[in-house]
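What follows is a set of notes on a single structure, which appears directly below.
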Amino acid sequence: MKNQEPKTILLVEDDAVTAMIEVIQLKSFGYDVVAATFGKEAVEIATGNDKIDLVLMDINLGSGMDGTEAARQILGKRHLPIVFLTSHSEKEYVERVKAITRYGYIIKNSGDFVIQSSIEMAFELFEANETLRKSEEKFRGFAENLDGIAVRGDMEGKPEFLLGKLEAITGYTWEDFSKKGLNWFDIMHPDDKKELVKQELKNTAAKKPIDLEYRIIRKDGGIRWVCQRIAPHLKEDGTPEFMQGMIIDITERKKVEGVLKASEKMYRTIIETSNDLIWILDIEGKFTYFNRKAEEVSGYILKDWLGKDFAPLIPPEDMERLQHILQEVLNGKTMRYETRVQNKDSTFFVLSINTTPLYSEAGNIIGTISFGQDITERKQAEEKLRENEKKYRQLVEMLQEGVWSIDKDANTTYVNPRLTEMLGYTLEEMLGKPLFNFMDKRGVELIKHYLERRKQGIVEQHDFEFLCKDGSRIVVSLETTPITDEKGDYIGALAGIVDIT
């Protein structure tokens, strides 16, 4: 979006954390973002702010108006591309939005490439649809008001009459043809004329209607595309007497076709240069395509796998699960999953995959298309983290001092065995309970004061008295420290506790 004002996206998401992440993501793509939490609010913004170029809509928006109803109301007042971004991949949700808009249905966590590409495709499709819509309005006007050229002429191309939008389309007037001797063949583009004459003679001899698309050169030198529907009028003996029919301007349609062809080329380039592995299987599970990234990661070459089953690439222990997933996709569902895949060198890599049905123009499922991300290194890192977490958790649980963790609302999120032993409670009896449940009224006032200091980032040590389950009291020494998130905001506190009774 260089050298032009960035497009504005209305993000409709009721979850604050998710909305914050998605706003950052969309801005990283170069878009301006306006956020809405509720359906009614989304309708007011979309219909009242003419700078909104696209709506990215969640389906479930809590109580009140849901995303599908909000989309329906927006489209009742404005022509806008609406793309649904949701965690739901069930068929009934897809069917609900198909009747409203078909600019896109993205499963959350599909990855930056899928989301960005889907938005770009929605903008391209909307622009093409808008062009087509405007073009269709012109053609509708022709049907109602003769917005074209009604023509009758002899077999040599000399017109007997040219009615309608003659001057608007060609730049010439009827007088140019009737009094100045201009012939329709004279304004045909020379590169098209020879083939047109050949087709016209062939169809005339066969006494059939002629459907032709070709260029004409206007009086001002401009080029126009026209569609000509001409049929021979036959004499009683069956020989052609004259030609008559309609000529309409299809220049705008040709421009749209050019845009669509360019878009197809662009999308193919995106797929081939994508950092995602992309592949297509037919309904029998045989490869019909995979992109360069898939070749790079797997070591295989597309031509060696065309028409071959994917099964040899999957470990036997994963095969039953994968076959079930693909069957679900062939039944119309979009599935997200992880699996191992065998490289050409017989090692395995791990993919996070999003697979969706592939439809024919007739709407029939003819296969599957999958987008995969290589998460092998991430999986290895996660395993290492799990090992470290297990090791450190064991160390914490073996400590002879208590450990107590709370969230920002002072609810218990973790206690180690030593602390439960000190207070006489079980782990289940403490988790999720407010810190205030384990002290008297004086202690509550004190601890509120201390928590305010934690929120200010203060680390300190002090003595405190807790109530045990059996009603007895213990005096402890607390070493407390605040817990903050990546932005430095307070999200809880952690304390080490030593019984000094």
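The values are calculated or read from the model by the stated rules, or taken from the named source; none is laboratory data. Fair warning: this is a prediction, and the values are worked out from it, not measured in the lab. As a convention, Cβ positions derive from the backbone with ideal geometry for all residues, glycine included, and neighbour counts pool all protein chains shown.
Applying the criterion of being without any contact (Cβ under 8 Å) to a residue 60 or more places away in the chain and hydrophobic (A, V, I, L, M, F, W, C) to the residues of the stretch 346-392, the residue that is surrounded by the fewest Cβ atoms within 10 Å (Cβ to Cβ) is Ala362.
Name the single residue, out of those in the stretch 77-98 being free of Cβ contacts under 8 Å to residues at least 60 places away in the same chain and of a type in the set (S, T, N, Q), that is surrounded by the most Cβ atoms within 10 Å (Cβ to Cβ). Can you show your working first?
Looking only at the stretch 77-98, we keep the residues that are free of Cβ contacts under 8 Å to residues at least 60 places away in the same chain, and these are 77-84, 86-88, 92-93, 95-98.
Adding the requirement that they be of a type in the set (S, T, N, Q) leaves 86-87.
Details: Thr86: 19, Ser87: 14.
By that ranking, first place goes to Thr86.
The set of residues in the stretch 232-270 that are touching a helix residue (DSSP H, G or I) at 6+ places or on another chain (Cβ under 9 Å) and modelled with pLDDT under 80 comprises Pro232, Pro240, Met243, Val256, Val259, Leu260, Ser263, Met266, Tyr267, Ile270. Within the stretch 300-340, restricting attention to residues that are in contact (Cβ under 8 Å) with a residue 24 or more places away in the chain and touching a Phe, Trp or Tyr at 6+ places or on another chain (Cβ under 6 Å), the residue that is surrounded by the most Cβ atoms within 10 Å (Cβ to Cβ) is Ile325.
Scanning the stretch 287-299 for residues that are surrounded by fewer than 18 Cβ atoms within 10 Å (Cβ to Cβ) and closer than 18 Å to Thr368 by Cβ yields Thr288, Tyr289.
If a residue counts only when it is at pLDDT 80 or above and closer than 22 Å to Glu44 by Cα, which strands (runs of 3 or more DSSP E) contained entirely in the stretch 69-157 have at least 1 such residues? Break it down stepwise before answering.
Working: elements: 82-86, 105-107, 149-153.
Result: 82-86.
To keep it simple, each residue is scored yes or no on (1) buried (at least 16 other Cβ atoms within 10 Å of the Cβ); (2) closer than 20 Å to Asp409 by Cβ; (3) not charged (D, E, K, R).
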position	(1), (2), (3)
Leu431	no, yes, yes
Asn437	no, yes, yes
Lys448	no, yes, no
Ile458	no, yes, yes
Phe464	yes, yes, yes
Thr481	no, yes, yes
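The single residue among Thr420, Thr426, Thr412 that is more than 22 Å from Tyr490 (Cα to Cα), in contact with a Ser or Thr (Cβ under 8 Å, 6 or more places away or on another chain) and surrounded by 14 or more Cβ atoms within 10 Å (Cβ to Cβ) turns out to be Thr420. Looking only at the stretch 329-364, residues that are in a strand (DSSP E or B), within 23 Å of Lys91 (Cα to Cα) and out of contact with any helix residue (DSSP H, G or I) (no Cβ under 6 Å at 6 or more places or on another chain) come to 8 in all.
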